[in-house]
Amino acid sequence: MSYNIQIENSIATFTIDRPEMRNAVNGAVMEGLEQFLEQIEDNSAIAFAVITGAGDRAFCSGGDLAEFHGFRTAEEAFPMLSKMAGLLYRVATLPMPVIAVVNGAAVGGGCEIATACDYRLVSSSTKAGFIQGTLAITTGWGGATLLFEKDGKHDRVFRLLSEAEIHTADQLLAAGWATELYEGSAEEGLKNFLAKMSRVHPSVHRAYKTVAIRKWTADFMRDRMLEEARQCSLLWESEAHHEAVDQFLSKK
């Protein structure tokens, strides 16, 4: 199984379980995320949703290039890109707080997944970055739209995206991307964070989340995320992208 779904004590957790592939997203993980969303979207008993990765080396290394590099044209790439963008919109608009426990490296699409969440708990040893530009493409799962919508400081967002660099946890905290850093295990980091959050009744968190969702709906965020996927698909079919991926895979 490429993923795990756990619902316990009003906390629903989705874990990408491909540690040998640095928790890269493939078709099976996408199907699992869709199943997770279907289980909790209308479940009023869920107080918090959590997304994380198995092991301690990687939260998520983005899309599995071994699988997705087979897409050569925009028409071939767009279904995957748009499906994941749609799933991340659903993650962003879940009615309860969503917490990314970034327990290891997060690059490319991994950063997009974390950005879709309301909070990002980041291991102090983590390094992460929107490195899509190094592969001659943009974010393709709606990550740029999510960043611009949630951050508000265009110069900071442009730098995170355009420089396509890897950042330390301290840099991510200073940039406002990381909500909080934790030492030690991911379990303890999440426990400490939820101890504070749980002092407030879940209905209050849901009410505030409704305010955010109302704004995102009015701003046509879903449409913008899908257009972002379309834009990425056009770059996906370029020779520059295919050459960059070939070089990356040959180094691996």
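Identify, please: which residue in region 14-70 is within 14 Å of the chain's Cα centre (by Cα) and of a type in the set (Phe, Trp, Tyr) and is, among those, nearest to residue 99 (Cα to Cα)?
Of everything passing the filter in region 14-70, 14 is nearest to residue 99 (Cα to Cα).
Looking at region 193-239, which of its residues are open to solvent by less than 60 Å² (accessible area, probe 1.4 Å) and of a type in the set (S, T, N, Q)?
Answer for region 193-239, where residues must be open to solvent by less than 60 Å² (accessible area, probe 1.4 Å) and of a type in the set (S, T, N, Q): 233, 238.
So if I check each of 135, 87, 121, which one is without any contact (Cβ under 8 Å) to a residue 60 or more places away in the chain and either among the aliphatic types (A, V, I, L, M) or under 19 Å from residue 190 (Cα atoms) (or both)?
Of 135, 87, 121, the one residue that is without any contact (Cβ under 8 Å) to a residue 60 or more places away in the chain and either among the aliphatic types (A, V, I, L, M) or under 19 Å from residue 190 (Cα atoms) (or both) is 87.
Test residue 104 against the criterion of being within 14 Å of residue 182 (Cβ to Cβ) and either touching a strand residue (DSSP E or B) at 6+ places or on another chain (Cβ under 8 Å) or open to solvent by 10 Å² or more (accessible area, probe 1.4 Å) (or both), and give yes or no.
So residue 104 fits the description; yes.
Determine whether region 137-152 contains at least one residue that is part of a helix (DSSP H, G or I), surrounded by fewer than 17 Cβ atoms within 10 Å (Cβ to Cβ) and more than 17 Å from the chain's Cα centre (by Cα).
Scanning region 137-152 turns up no residue that is part of a helix (DSSP H, G or I), surrounded by fewer than 17 Cβ atoms within 10 Å (Cβ to Cβ) and more than 17 Å from the chain's Cα centre (by Cα).
When you scan region 74-92, do you find a residue that is assigned to a loop (DSSP other than H, G, I, E, B) and open to solvent by 10 Å² or more (accessible area, probe 1.4 Å), even just one?
No.
Determine which single condition residue 78 fails, assuming it passes every other condition in (1) more than 26 Å from residue 247 (Cα to Cα); (2) of a type in the set (Phe, Trp, Tyr); (3) touching a residue at least 40 places away in the same chain (Cβ under 8 Å).
The single condition residue 78 does not satisfy is (1).
The values are calculated or read from the model by the stated rules, or taken from the named source; none is laboratory data. Please read all numbers here as calculations on a predicted model, not as lab measurements. Here the Cβ is made from the backbone with ideal geometry for all residues, glycine too, and neighbour counts use every protein chain on show. Keep in mind that these areas ignore ligands, DNA and RNA; they rest on the heavy atoms of the full protein, side chains included. Shrake-Rupley method; radii C 1.70, N 1.55, O 1.52, S 1.80 Å.
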